[in-house]
Structures are given as structure tokens and as C-alpha cells.
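J.: The structure follows.
No lab work stands behind these numbers, since they all come straight from the coordinates. Computed from a prediction, not measured in an experiment: that's the story for all the values here. Note that we place each Cβ from the backbone using ideal geometry, even for glycine, and neighbour counts take in every protein chain shown.
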């Protein structure tokens, strides 16, 4: 029995020795792999740095293109402004015929109803203020707004030639 126990212990000792040898071999392999993988972390850091640089370069190129586009647009606008300010001004006169029955009151009502196209872009407050001034002036000068408009009115126009 002692011999059997001794044989069992010898087998157990051999097994533990083999496992220790395997652990030592695995430890040595692990150290070798760690040594081989160490540069990979540096490469990964460098890769991330290059990715960041690539994103920054993309942003830079976008900004350069935007700046170029804005500069071109600004140049075009400056050229157009120069053409407008240096454009020859032509002065023309026109005669407008009012119907014989039209009165100041009727004209002011048409303006308030925004019948003339020139009133379409005028804000409501400004239009109403101008109408009030026109009505007061007419009443002060003529006593009523039911006076007839002149049949013919001369107006002077300035025409700008812009290409």
C-alpha cells in the first residue's frame, strides 16, 4: 500500500512539475508577446494623432474654401456697388393723368387699401402715419379732403443703369 501511495505521489509530483514547466513556458511566451506588442500601443497613439490631424486638415481646407468663396462674393458685391455709384443717372419726367372725379380722400383711401403697388412693401405703421400726415395737411390747407386732384401731375424720375 505504501508503494501504491508512493507511486501516486510520484505521478502527482510529475504532473505538478509538467504544469509548472507549462506555466513557465506560457510566462515566457507572454513576456515575448508583451515585448512584441509594446510598439503597437505607440502605433495606436500615433494613429489617433494622425486621425486628429486629418480632421483638423479637413476643417482647415473647408475654412480656406469658405474664405475664398466669401472673398469672391465680396469682390463681386464691391464691383456691383461701384457700378451702381458710378452709373450714369438719367433724369426723366412723366405726366400722370388722374380721372377728373378723383379726390384726395379717394386717393388716400386707395393708398390705405394698398391699391398702388408702391404701398405693398411699406410697413403698416409707416403707411398709416403717412396717411395721417397727408389728411391733416390737406384739411389744414384746403379745409377738406374732398377736393379734386389735379388732372395732370408732372413727376420726375431718376433712372439708374446697372448691368
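J.: Which FRET efficiency value, to the nearest 0.05, do you get for residue 73 and residue 103 by plugging their Cβ-Cβ distance into 1/(1 + (r/R0)^6) with R0 = 45 Å?
T.: Taking R0 as 45 Å, the efficiency between residue 73 and residue 103 is 0.35.
J.: Taking every pair of distinct Cα atoms and averaging 1/r, then inverting, what Kirkwood hydrodynamic radius in Å comes out for the range 1-90?
T.: On the way: mean 1/r = 0.0474 Å⁻¹.
The Cα-based Kirkwood calculation yields 21.1 Å.
J.: If you don't mind, there's one more thing I want to ask. Report the FRET efficiency, 1/(1 + (r/R0)^6), for residue 20 and residue 51, where r is their Cβ-Cβ distance and R0 is 41 Å, rounded to 0.05.
T.: Values: r = 45 Å, r/R0 = 1.10.
Using R0 = 41 Å, I get an efficiency of 0.35.
J.: Give me the one-decimal nm value for the distance between modelled label points at residue 66 and residue 150, 7 Å along each residue's Cα-to-Cβ direction.
T.: 5.7 nm
J.: Moving on to the next point. Testing the spin-label approximation: label points 7 Å from Cα along Cα→Cβ at residue 12 and residue 118. State their distance in nm.
T.: The two pseudo-label positions are separated by 11.6 nm.
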